[in-house]
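To start, the structure itself, in structure tokens.
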Amino acid sequence: MSGSNPPTVTQPRSLEQALKHFFGYNSFRPGQREIVEAALEQRDMMIVMPTGGGKSLCFQLPALLKPGLSVVVSPLIALMQDQVEALLDNGIGATFLNSTLSAQEVRSRETAILEGKIKLLYVAPERLLGERFLPFLDRVAEKLEISAFAIDEAHCVSEWGHDFRPEYRQMEQVRDRYPDIPIMALTATATERVRQDIIQQLTLRNPYIHVASFNRPNLYYEVRPKTKHSFAEVLQIIQKKGGSGIIYCLSRKKVEEVAYKLQQSGIEALPYHAGMNDVDRTTNQTRFIRDDVQIMVATIAFGMGINKPDVRFVIHYDLPKNLEGYYQESGRAGRDNEPAHCSLFFGYGDVKIIEYIIDQKPDEQEQRIAKQQLRRVINYAESTDCRRTIQLSYFGDSFPGNCGHCDNCCSQKPVEDWTLEAMKFLSGVARCREKFGMNHIIDVLRGSKNQKVLQYQHDQLSTYGIGKDRSADDWKMLARSLLHQGLLDETTDGFPILKLNEKSWEVMKRQRTVEIAVEPKREVPGKNRSLAVEVESLFAILRTLRKQIADEQFVPPYVVFPDKSLRDMAEKRPQNLREFEDVYGVGSNKRDKYGQVFLEAIRAFCQEQGLPAGTAPSPVINVPNVPNMPSYSQMQTWELHRKGLTIEGIADARGMSPTTIVGHLVELIEMEREVDINLLVEQERQQPIVQAIQIIGDERLKPIYEFLESSYTFEEIKLVRAWWRQNYVSF
């Protein structure tokens, strides 16, 4: 793919003619023409243009109109391949040099470059700065000409960017070696601080700066609470939206698990993460780009520069680490400017995982930056304000709100006048001399006597205790809204200190009102009379059942389950063993020991009362054809069983106890997976257990165990009982 001779044609007389000639477009997108003109004037440039805004054309078209070779620095092999393929398809001489090529292929492409057949050369930063490559560029500069360096994904230069890469810091060597060749830095996401850092690190001289609007009006943004129903909701989104989609997860393990569960649900999905080998990653990526599969499940290793314009939805199954990363990742949807959907599942468990990852960073400054970035993501997820207002304000771009195309704007949350509360909060910031963060101001307003408040004698301030009538969460909601609306500032150096601005003083002088969207008050489920009656009725039934089991085992009832567990069962009303595990106090042992008998009692109660499955106040997730699906861990056990391993062999291979493996196999049988009972229990030992079940019944294990005079283990009985239920019981 070294390219061919560029077509010999008459040079277009205008930029519009050149645009049409090389790329087939009739007109420039906003800002593109001005950028191309500045590039033709040999200026250094800092270009910030959102995904789908036509960023690549800004350096590709000038490269075709100027003599010599343009060098494009790109961090990912996939990005190089995509763009080079597209250029070659347009008859443009382009190539890349990277680690996927043999020595012979590299020499062939270098020859094509020196012969003037190539106009755009894509390289990674590591190769660009290599000992062998820079002398080659010297030959190009001497024999032909280097027209420009384009540094794509330039946010990688800055430690404040969401994808900082140390090797990008060395790019200043390019300016030192080729001081007269213009440099164009391009990125889809960069705050003001990141932009200034890029300019400084690349030593751009009086650069032409273009910052396009970050607003992507075709994207719908929503945040959903992360619950046990989240995977079912993902299936709903996939079925409803159709087309290609990307699902982002935090860890490699979660990527593999979600991809597998999707496959088991009949959806064509593939994983992508850094733990896979290069061949598998490239193959999966190619299959996704070519629509061989519908879904790519990935860590953030996937997507930068991927040229697939028709992604119809992006789902963040786990919480992103920062808003810049989220904006860019979600922005991979709808690059064709057609409607697309962006969903984020928010749960505090993810916050703890990210905090742990941050704590592993060796540099304290990096930790502070990362923690501040995480706080901004949490603020975004928890906010009731317009999602666009929050996103765009992060990049210094203003937006009036009421976009009509995000969950907060579409759900019509009531708007309330909180001007008085805003005056109190801003006065608190002023009285604390603009030297403290959100939590400290809230502590002062609510009259806290914690050590920090007393240490600074802030209990003596006039604002101390004036906000006791509001909860800490109320004040946090207000503070976030003030920040999102630009009525308050916050430092971005790793220490989030609140600062007043001109609009803050307008609020305090009653020259500006403050309105915020608030969550409507919801009924507490326990206070709903009919629900309370249902819970208490089921709770009484479960207590009776517990007493029967305890008497049979000659133990006190609390040994079977405490009241808290029974009440949790009565409220959640689990319908299968997986849901039963979510009940307070239920581990794998109690799940296996008591799960079926309690589930049967709960199901019978629900049927008699005409109640739906699950907790009454929770929304019912109606997803057609969602199978009772094994977990990722259960499937690993199943794969080893199908290879003929014994229970002990599987346990050794997986580093688990035989009891856990038996639990997996029992549930696999219940889910009608193909399990060979003869590999698990000797044939001559199966028949006595079956006979005992037929005589005693299959409800409880201990009577069967005692009938067999303790000659068979509980594990053998559980396995044979599960197999017998599937093969001989008519429900």
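The values are calculated or read from the model by the stated rules, or taken from the named source; none is laboratory data. Not measured: the values here are computed from a predicted model. Cβ sites come from the backbone with ideal geometry, for glycine too, and all protein chains shown count toward neighbours. To get the accessible areas, we keep the full protein, side chains included, count just its heavy atoms, and leave off ligands, DNA and RNA. Shrake-Rupley method; radii C 1.70, N 1.55, O 1.52, S 1.80 Å.
Quick check on my filter: what residues within region 671-712 are loosely packed, with under 14 Cβ neighbours inside 10 Å and assigned to a loop (DSSP other than H, G, I, E, B)? Answer for region 671-712, where residues must be loosely packed, with under 14 Cβ neighbours inside 10 Å and assigned to a loop (DSSP other than H, G, I, E, B): 672, 674, 676, 682, 697, 699, 709, 710, 711.
Of all residues in region 302-323, one or more are open to solvent by 40 Å² or more (accessible area, probe 1.4 Å), out of contact with any strand residue (DSSP E or B) (no Cβ under 9 Å at 6 or more places or on another chain), farther than 21 Å from residue 224 by Cβ and in contact (Cβ under 8 Å) with a residue 24 or more places away in the chain. Say whether the condition of being surrounded by fewer than 19 Cβ atoms within 10 Å (Cβ to Cβ) and either of a type in the set (Val, Ile, Thr) or not in a loop (DSSP other than H, G, I, E, B) (or both) is met by at least one residue in region 160-167. Yes: region 160-167 contains one or more residues that are surrounded by fewer than 19 Cβ atoms within 10 Å (Cβ to Cβ) and either of a type in the set (Val, Ile, Thr) or not in a loop (DSSP other than H, G, I, E, B) (or both).
Applying the set (1) closer than 20 Å to residue 254 by Cβ; (2) among the acidic types (Asp, Glu); (3) more than 13 Å from the chain's Cα centre (by Cα) to residue 350 leaves exactly one unmet item: (3).
Output yes when any residue across region 475-485 is in contact with a strand residue (DSSP E or B) (Cβ under 6 Å, 6 or more places away or on another chain), without any contact (Cβ under 8 Å) to a residue 40 or more places away in the chain and of a type in the set (S, T, N, Q), and no when none is. So far as region 475-485 goes, no, none of its residues is in contact with a strand residue (DSSP E or B) (Cβ under 6 Å, 6 or more places away or on another chain), without any contact (Cβ under 8 Å) to a residue 40 or more places away in the chain and of a type in the set (S, T, N, Q).
For residue 111, the conditions (1) open to solvent by less than 60 Å² (accessible area, probe 1.4 Å); (2) in a helix (DSSP H, G or I) all hold with the exception of (1).
In region 547-594, counting only helices (runs of 4 or more DSSP H) that sit wholly within it, the ones holding 2 or more residues that are farther than 21 Å from residue 631 by Cβ span 557-560, 563-572. Return the residues of region 333-361 that are modelled with pLDDT of 90 or more and within 20 Å of residue 288 (Cβ to Cβ); say none if nothing qualifies. Within region 333-361, 333, 340, 341, 342, 343 qualify. Take region 462-475 and flag every residue that is of a type in the set (D, E, K, R) and either assigned to a loop (DSSP other than H, G, I, E, B) or crowded, with 18+ Cβ neighbours inside 10 Å (or both). Across region 462-475, the qualifying residues are 468, 469, 470. All conditions in (1) buried (at least 24 other Cβ atoms within 10 Å of the Cβ); (2) within 13 Å of residue 183 (Cβ to Cβ) hold for residue 49, with the sole exception of (2).
If you scan region 221-269, which residues turn out to be of a type outside the set (S, T, N, Q) and more than 26 Å from residue 351 (Cα to Cα)? Break it down stepwise before answering.
Narrowing region 221-269 to residues of a type outside the set (S, T, N, Q): 221-226, 228-229, 231-235, 237-238, 240-243, 245-250, 252-262, 266-269.
Listed by number, the residues that qualify are 240, 241, 242, 243, 266, 267, 268, 269.
Residue 210 meets the conditions (1) crowded, with 19+ Cβ neighbours inside 10 Å; (2) assigned to a strand (DSSP E or B) in every case but one. The failed one is (1).
Number of residues in region 258-283 that are closer than 20 Å to residue 634 by Cα, touching a residue at least 12 places away in the same chain (Cβ under 8 Å) and surrounded by fewer than 21 Cβ atoms within 10 Å (Cβ to Cβ): the value is 5. Give me a count of the residues in region 32-46 that are surrounded by 19 or more Cβ atoms within 10 Å (Cβ to Cβ) and farther than 24 Å from residue 171 by Cα. Looking only at that region, the number is 1. Filtering region 125-139 to residues that are under 16 Å from residue 70 (Cβ atoms) and either more than 38 Å from the chain's Cα centre (by Cα) or in a loop (DSSP other than H, G, I, E, B) (or both) leaves 136, 137. Out of 152, 180, one residue alone is within 20 Å of residue 66 (Cα to Cα), surrounded by fewer than 23 Cβ atoms within 10 Å (Cβ to Cβ) and acidic (Asp, Glu). It is 180. For residue 11, the conditions (1) open to solvent by 30 Å² or more (accessible area, probe 1.4 Å); (2) farther than 26 Å from residue 336 by Cα; (3) modelled with pLDDT of 80 or more; (4) touching a helix residue (DSSP H, G or I) at 6+ places or on another chain (Cβ under 9 Å) all hold with the exception of (3). Filtered by the rule that a residue be of a type in the set (S, T, N, Q) and either in contact with a Pro (Cβ under 6 Å, 6 or more places away or on another chain) or open to solvent by 20 Å² or more (accessible area, probe 1.4 Å) (or both), region 53-68 gives a lone residue, 56.
Among the residues of region 713-731, the ones that are closer than 21 Å to residue 601 by Cα and either free of Cβ contacts under 8 Å to residues at least 40 places away in the same chain or open to solvent by less than 30 Å² (accessible area, probe 1.4 Å) (or both) come to 8 in all.
May I ask you to list the residues in region 446-457 that are assigned to a helix (DSSP H, G or I) and either of a type in the set (Lys, Arg) or at pLDDT 95 or above (or both)?
From region 446-457, those assigned to a helix (DSSP H, G or I) are 451-455; that's our starting set.
Across region 446-457, the qualifying residue is only 452.
Out of 624, 617, 630, I need the residue that is crowded, with 16+ Cβ neighbours inside 10 Å, assigned to a loop (DSSP other than H, G, I, E, B), at pLDDT below 85 and of a type outside the set (A, V, I, L, M). Which one?
630
Residue count for region 355-389 under the criterion of being of a type in the set (S, T, N, Q), under 24 Å from residue 330 (Cβ atoms) and over 16 Å from the mean Cα position of the chain (by Cα): the result is 4. Exactly one condition in (1) in contact (Cβ under 8 Å) with a residue 24 or more places away in the chain; (2) out of contact with any His (no Cβ under 7 Å at 6 or more places or on another chain); (3) over 30 Å from residue 462 (Cα atoms) is not met by residue 404; state its number. Looking at each condition in turn, residue 404 falls short on (1). Take the conditions (1) part of a loop (DSSP other than H, G, I, E, B); (2) without any contact (Cβ under 8 Å) to a residue 60 or more places away in the chain; (3) crowded, with 16+ Cβ neighbours inside 10 Å; residue 362 misses just one of them, which is (3).
Consider residue 357 carefully, then state whether it is open to solvent by less than 10 Å² (accessible area, probe 1.4 Å) and not in a loop (DSSP other than H, G, I, E, B). When the stated conditions are applied, residue 357 does not pass them. Among the residues of region 712-731, those that are at pLDDT 85 or above, in contact with a Phe, Trp or Tyr (Cβ under 9 Å, 6 or more places away or on another chain) and not hydrophobic (A, V, I, L, M, F, W, C) comprise 712, 713. Scanning region 50-84 for residues that are over 23 Å from residue 173 (Cα atoms), out of contact with any strand residue (DSSP E or B) (no Cβ under 7 Å at 6 or more places or on another chain) and in a loop (DSSP other than H, G, I, E, B) yields 50, 51, 52, 53, 54, 56. Contact map, region 88-117: first residue without any contact (Cβ under 8 Å) to a residue 60 or more places away in the chain, second residue part of a strand (DSSP E or B) and open to solvent by 20 Å² or more (accessible area, probe 1.4 Å), Cβ cut-off under 9 Å, separation 6 or more or different chains; the map is empty.
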